[in-house]
Amino acid sequence: MNPGKRALVTGGSGGIGAAICRRLARDGVHVYIHARQGIAAADTLAAEIASAGGSASAVHFDVTDPQETRQAVSALPGPIQILVNNAGIHDDAVLPGMRPDQWHRVIDVSVNGFFNVTQPLLLPMIRARWGRIINISSVSALIGNKGQTNYAAAKGALNSATKALALELATRGVTVNAVAPGIIATPMSEALFDPADIKRLVPRARAGTAEEVANTVGFLASEEASYITAQILSVNGGMA
């Protein structure tokens, strides 16, 4: 439980992001639900959380815009103690046919977005000597996936940044970890994988749920995880 703390969840209006927001709110955290395009969904989710007795509000900015992001996070009331870097996009194509914009956009959201959001929030965490940074990676960064060289590269960079930043902050009371989901039952994955593919690819023979990812994030954000840092935790049914 983290009563009274504040969390920012980027990409919080999507399937996994929404589940993370709900979990943190149940743990007593005020959640800032970030969205860029899913503004209406973020507002709806904030209202849903509030009606269930939690505390949440929506925030809107483009994580790939450094100035806009810095202004937005600086305007949040009070310091952020829990940061979940969940924003990310797919734009799949095999590399021989991949356009430069497909490569750069995927890298921009996951990697540059991580820097743009995280960097302005670090000094308050360091001064308070308490913080939780949780980056949402992917099984694609661990084992690769055809047609996702850009996505695997972006999430692999995020894994490496997780480990390096964790070392920088280890003595300051701030932990930095990543969660690497596999095939999770969301509208996006349902369009990509049929049930036969899932049984073939996943040792557990089923897709995971967004709540299973969110439960891992909730644990890493808690006091119980204070001695866990620089880790990549897989939530993928045994794929890696």
Hey, in the GNM for the chain with a 10 angstrom Cα cutoff, which one of Q81, Q102, Q119 fluctuates hardest? Q119
Mean Cα-pair separation over length for the chain, i.e. relative contact order, pairs under 8 Å, 6 or more apart, %: 20 percent
In region 81-142, trypsin sites (Lys or Arg not before Pro) in a DSSP loop with at most 14 other beta-carbon atoms within 10 Å: R129
Among A58, A25, A47, residue whose mean-square fluctuation peaks in a GNM of the chain (springs only between Cα atoms under 10 Å): A47
Specify which residue in the list Q37, W130, A207 is farthest towards the positive end of the charge dipole of the chain, using unit charges on the beta carbon of Lys, Arg (+1) and Asp, Glu (-1), about the Cα centre. W130
Log10 I(q)/I(0) at q = 0.13, 0.14, 0.17 Å⁻¹ for the chain, from Debye over equal alpha-carbon scatterers, is -0.75, -0.87, -1.31
Provide the net charge surrounding V109, with neighbours chosen by a C-beta distance below 12 Å and charges set as Lys +1, Arg +1, Asp -1, Glu -1. -1
Chymotrypsin sites (Phe, Trp or Tyr not before Pro) restricted to DSSP loop in region 140-240 with at most 14 other C-beta within 10 Å: Y227
Lys/Arg +1, Asp/Glu -1 at C-beta; the chain dipole; positive extreme among A93, T229, V73: T229
Dipole magnitude of region 183-225 about its Cα centre, charges +1 at Lys/Arg Cβ and -1 at Asp/Glu Cβ only, in debye to the nearest 20? 300 debye
Check: the chain dipole with +1 on Lys, Arg Cβ and -1 on Asp, Glu Cβ, in debye: 520 debye
With a Förster distance of 35 angstrom and the Cβ-Cβ distance between A52 and E168, calculated FRET efficiency to the nearest 0.05 equals 0.40
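None of the figures in this text is laboratory data; all of them are computed from the coordinates on show. What you are looking at is a predicted structure, and each value in this text was computed from that prediction instead of being measured. Every residue, glycine as well, gets a Cβ built from its backbone with ideal geometry; the counts of neighbours run over all protein chains shown.
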